[in-house]
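**Student:** I'd like to ask some things about the structure below.
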Amino acid sequence: MTLDEKIKQSETHIFKAVFPNTTNHYDTLFGGTAMQLMDEVAFITATRFSRQRVVTVSSDRIDFKRPIPAGTIAELIGKVKYIGKTSLQVHVEIFVEDMYSESREKAISGNFTFVAIDENKMPTSINKD
(Lines give C-alpha, C1' and ligand atoms only; values in the text may rest on other atoms or scores of the structure.)
Protein backbone atom coordinates (compact mmCIF):
# COMPACT_ATOMS: atom_id res chain seq x y z
CA MET A 1 0.00 0.00 0.00
CA THR A 2 1.33 3.44 -0.88
CA LEU A 3 1.59 6.22 1.70
CA ASP A 4 -1.25 8.13 -0.01
CA GLU A 5 -3.47 5.02 0.12
CA LYS A 6 -2.62 4.53 3.80
CA ILE A 7 -3.51 8.17 4.55
CA LYS A 8 -6.81 7.82 2.69
CA GLN A 9 -7.63 4.53 4.43
CA SER A 10 -7.05 6.08 7.87
CA GLU A 11 -9.52 8.94 7.24
CA THR A 12 -12.10 8.76 10.03
CA HIS A 13 -15.74 9.86 10.04
CA ILE A 14 -17.84 9.94 13.20
CA PHE A 15 -21.40 11.20 13.48
CA LYS A 16 -22.93 12.53 16.70
CA ALA A 17 -26.42 13.74 17.47
CA VAL A 18 -26.26 16.98 19.48
CA PHE A 19 -28.44 16.48 22.53
CA PRO A 20 -29.33 19.10 25.16
CA ASN A 21 -27.01 17.52 27.77
CA THR A 22 -23.99 18.55 25.60
CA THR A 23 -25.05 22.17 25.08
CA ASN A 24 -24.48 25.44 26.91
CA HIS A 25 -26.95 28.12 28.00
CA TYR A 26 -27.17 29.28 24.34
CA ASP A 27 -28.43 25.80 23.38
CA THR A 28 -25.31 25.17 21.27
CA LEU A 29 -22.59 22.53 21.66
CA PHE A 30 -20.08 23.38 24.41
CA GLY A 31 -16.74 24.39 22.88
CA GLY A 32 -14.91 22.07 25.29
CA THR A 33 -17.13 19.16 24.27
CA ALA A 34 -16.41 19.90 20.60
CA MET A 35 -12.67 19.92 21.33
CA GLN A 36 -12.94 16.62 23.22
CA LEU A 37 -14.74 15.03 20.26
CA MET A 38 -12.16 16.45 17.86
CA ASP A 39 -9.27 15.05 19.91
CA GLU A 40 -10.99 11.66 19.98
CA VAL A 41 -11.47 11.49 16.20
CA ALA A 42 -7.90 12.75 15.71
CA PHE A 43 -6.60 10.00 18.04
CA ILE A 44 -8.54 7.34 16.15
CA THR A 45 -7.21 8.67 12.83
CA ALA A 46 -3.60 8.74 14.09
CA THR A 47 -3.94 5.22 15.49
CA ARG A 48 -5.53 3.86 12.31
CA PHE A 49 -2.69 5.36 10.28
CA SER A 50 0.25 4.24 12.43
CA ARG A 51 -1.18 1.22 14.30
CA GLN A 52 0.97 2.38 17.22
CA ARG A 53 0.45 3.88 20.65
CA VAL A 54 0.09 7.64 20.18
CA VAL A 55 -0.50 10.52 22.57
CA THR A 56 -1.76 14.03 21.93
CA VAL A 57 1.01 16.60 22.34
CA SER A 58 -0.74 19.70 21.04
CA SER A 59 -3.79 21.19 19.42
CA ASP A 60 -3.39 24.12 17.10
CA ARG A 61 -5.66 26.81 15.77
CA ILE A 62 -9.14 25.56 16.48
CA ASP A 63 -11.52 27.84 14.58
CA PHE A 64 -15.15 28.02 15.65
CA LYS A 65 -16.89 29.37 12.53
CA ARG A 66 -20.50 28.44 13.28
CA PRO A 67 -22.39 27.33 16.39
CA ILE A 68 -23.70 23.77 16.52
CA PRO A 69 -27.27 23.85 17.88
CA ALA A 70 -28.99 21.13 19.87
CA GLY A 71 -31.10 18.93 17.62
CA THR A 72 -28.56 18.77 14.80
CA ILE A 73 -26.13 16.12 13.58
CA ALA A 74 -22.39 16.73 13.78
CA GLU A 75 -20.02 14.91 11.44
CA LEU A 76 -16.38 14.84 12.51
CA ILE A 77 -13.77 14.06 9.86
CA GLY A 78 -10.13 13.35 10.71
CA LYS A 79 -7.38 13.30 8.05
CA VAL A 80 -3.63 12.83 8.42
CA LYS A 81 -1.99 16.01 7.10
CA TYR A 82 1.69 15.70 8.10
CA ILE A 83 3.99 12.83 9.06
CA GLY A 84 7.29 13.48 10.79
CA LYS A 85 9.88 11.16 12.34
CA THR A 86 8.03 10.55 15.64
CA SER A 87 4.95 12.73 15.20
CA LEU A 88 2.02 13.21 12.91
CA GLN A 89 -0.60 15.90 12.52
CA VAL A 90 -4.29 15.27 12.01
CA HIS A 91 -6.67 17.91 10.67
CA VAL A 92 -10.22 17.63 12.03
CA GLU A 93 -13.34 19.31 10.69
CA ILE A 94 -16.82 19.30 12.18
CA PHE A 95 -19.77 19.77 9.85
CA VAL A 96 -23.23 20.54 11.20
CA GLU A 97 -26.29 19.09 9.48
CA ASP A 98 -29.90 19.90 10.05
CA MET A 99 -31.78 16.70 10.87
CA TYR A 100 -34.74 17.46 8.61
CA SER A 101 -33.21 19.16 5.58
CA GLU A 102 -30.18 18.89 3.30
CA SER A 103 -28.45 21.81 5.05
CA ARG A 104 -24.78 21.08 5.87
CA GLU A 105 -22.03 23.57 6.81
CA LYS A 106 -18.50 23.45 8.19
CA ALA A 107 -18.63 24.65 11.78
CA ILE A 108 -15.24 23.97 13.40
CA SER A 109 -11.76 22.97 12.25
CA GLY A 110 -8.43 22.40 13.96
CA ASN A 111 -5.17 20.48 14.00
CA PHE A 112 -3.94 17.93 16.53
CA THR A 113 -0.38 16.64 16.82
CA PHE A 114 0.44 13.19 18.15
CA VAL A 115 3.69 11.47 19.07
CA ALA A 116 4.16 7.71 18.77
CA ILE A 117 5.46 6.15 21.99
CA ASP A 118 7.07 2.82 22.83
CA GLU A 119 6.38 0.52 25.78
CA ASN A 120 8.49 2.85 28.00
CA LYS A 121 6.40 5.86 26.93
CA MET A 122 9.33 7.30 24.99
CA PRO A 123 8.99 8.74 21.47
CA THR A 124 9.47 6.22 18.69
CA SER A 125 9.45 6.38 14.90
CA ILE A 126 6.10 6.64 13.16
CA ASN A 127 5.26 3.49 11.23
CA LYS A 128 4.78 4.66 7.64
CA ASP A 129 4.71 1.16 6.12
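The values are calculated or read from the model by the stated rules, or taken from the named source; none is laboratory data. On a predicted model such as this, the values are computed, not experimentally measured, just so you know. Neighbour counts run over all protein chains shown; Cβ positions are idealised from the backbone, glycine included. Calculation scope for accessible area: heavy atoms of the full protein, side chains included, ligands and nucleic acids excluded. Shrake-Rupley method; radii C 1.70, N 1.55, O 1.52, S 1.80 Å.
**Student:** Restricting the first residue to region 46-58 and requiring it to be under 18 Å from Gly110 (Cβ atoms), which pairs with a second residue that is open to solvent by 80 Å² or more (accessible area, probe 1.4 Å) and in a helix (DSSP H, G or I) meet a Cβ separation below 9 Å and a spacing of at least six or different chains?
**Tutor:** Sorted first by the residue in region 46-58, then by its partner, the pairs are Phe49/Gln9; Val54/Phe43; Val55/Phe43; Thr56/Phe43.
**Student:** Looking at Val55, Val90 in this structure, which one is open to solvent by less than 80 Å² (accessible area, probe 1.4 Å), within 30 Å of Leu3 (Cβ to Cβ), more than 10 Å from the chain's Cα centre (by Cα) and not hydroxyl-bearing (Ser, Thr, Tyr)?
**Tutor:** Residue meeting the stated conditions: Val55.
**Student:** Consider Val115 against the criteria (1) closer than 15 Å to His13 by Cα; (2) touching a residue at least 12 places away in the same chain (Cβ under 8 Å): it satisfies all of them except one. Which criterion is unmet?
**Tutor:** Unmet for Val115, out of (1) closer than 15 Å to His13 by Cα; (2) touching a residue at least 12 places away in the same chain (Cβ under 8 Å): (1).
**Student:** While we're looking at this one, here's another question. Quickly run through region 1-38 and pick out the residues that are open to solvent by less than 50 Å² (accessible area, probe 1.4 Å), part of a helix (DSSP H, G or I) and closer than 14 Å to Gly78 by Cα.
**Tutor:** Once the filter is applied, which keeps residues that are open to solvent by less than 50 Å² (accessible area, probe 1.4 Å), part of a helix (DSSP H, G or I) and closer than 14 Å to Gly78 by Cα, region 1-38 yields Lys6, Ile7, Ser10, Ala34, Leu37, Met38.
**Student:** Go through region 39-52 and count every residue that is within 15 Å of Ile77 (Cβ to Cβ) and either open to solvent by 80 Å² or more (accessible area, probe 1.4 Å) or not polar (S, T, N, Q) (or both).
**Tutor:** 9
**Student:** Separate question: From the list Thr56, Thr2, Thr45, which one is in contact with a Gly (Cβ under 6 Å, 6 or more places away or on another chain) and under 30 Å from Asp129 (Cα atoms)?
**Tutor:** Going through Thr56, Thr2, Thr45 in turn, just one is in contact with a Gly (Cβ under 6 Å, 6 or more places away or on another chain) and under 30 Å from Asp129 (Cα atoms): Thr45.
**Student:** Does region 117-128 include one or more residues that are within 25 Å of Gly31 (Cα to Cα) and either open to solvent by 10 Å² or more (accessible area, probe 1.4 Å) or in contact with a helix residue (DSSP H, G or I) (Cβ under 6 Å, 6 or more places away or on another chain) (or both)?
**Tutor:** no
**Student:** If you scan region 6-22, which residues turn out to be more than 15 Å from Glu93 (Cα to Cα), at pLDDT 95 or above and out of contact with any Ser or Thr (no Cβ under 6 Å at 6 or more places or on another chain)?
**Tutor:** Passing the criteria: Lys6, Ile7, Lys8, Gln9, Ala17, Phe19.
**Student:** Also, quick follow-up: Looking only at region 75-107, which residues are farther than 30 Å from Lys128 by Cβ and out of contact with any Phe, Trp or Tyr (no Cβ under 7 Å at 6 or more places or on another chain)?
**Tutor:** Selection gives Val96, Glu97, Asp98, Met99, Tyr100, Ser101, Glu102, Ser103.
**Student:** Quick check on my filter: what residues within region 95-112 are touching a residue at least 12 places away in the same chain (Cβ under 8 Å) and of a type in the set (Phe, Trp, Tyr)?
**Tutor:** Correct list: Phe95, Phe112.
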